[in-house]
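Undergrad: Please read through the structure below; I'll follow up with questions.
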């Protein structure tokens, strides 16, 4: 297993540690989950964006509301 480190202020460290503790997680668990969630959210966004573009004409062929409706999601509740 690899180790990744980065610099944070003492105040930031305490904020992260306290939040993780309140949610019954180690700091490592919390940070890993948060980072992976951020990556997955960005990949989902880019995939959705790519599916809304007509690659031949470089035109947007839909908007978020129409995409949501196509998947049976109530756009107004988002």
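Undergrad: Has segment 19-42 got at least one residue that is at pLDDT below 95, loosely packed, with under 10 Cβ neighbours inside 10 Å, out of contact with any strand residue (DSSP E or B) (no Cβ under 8 Å at 6 or more places or on another chain) and not in a helix (DSSP H, G or I)?
TA: No: segment 19-42 contains no residue that is at pLDDT below 95, loosely packed, with under 10 Cβ neighbours inside 10 Å, out of contact with any strand residue (DSSP E or B) (no Cβ under 8 Å at 6 or more places or on another chain) and not in a helix (DSSP H, G or I).
Undergrad: State all residues of segment 1-16 that are modelled with pLDDT of 95 or more and either under 30 Å from residue 64 (Cβ atoms) or over 21 Å from the mean Cα position of the chain (by Cα) (or both); if no residue qualifies, say none.
TA: 7, 8, 9, 10, 11, 13, 14 - these are the residues of segment 1-16 that are modelled with pLDDT of 95 or more and either under 30 Å from residue 64 (Cβ atoms) or over 21 Å from the mean Cα position of the chain (by Cα) (or both).
The values are calculated or read from the model by the stated rules, or taken from the named source; none is laboratory data. The structure presented is a predicted model; accordingly, all values stated were derived computationally and were not measured. Neighbour counts run over all protein chains shown; Cβ positions are idealised from the backbone, glycine included.
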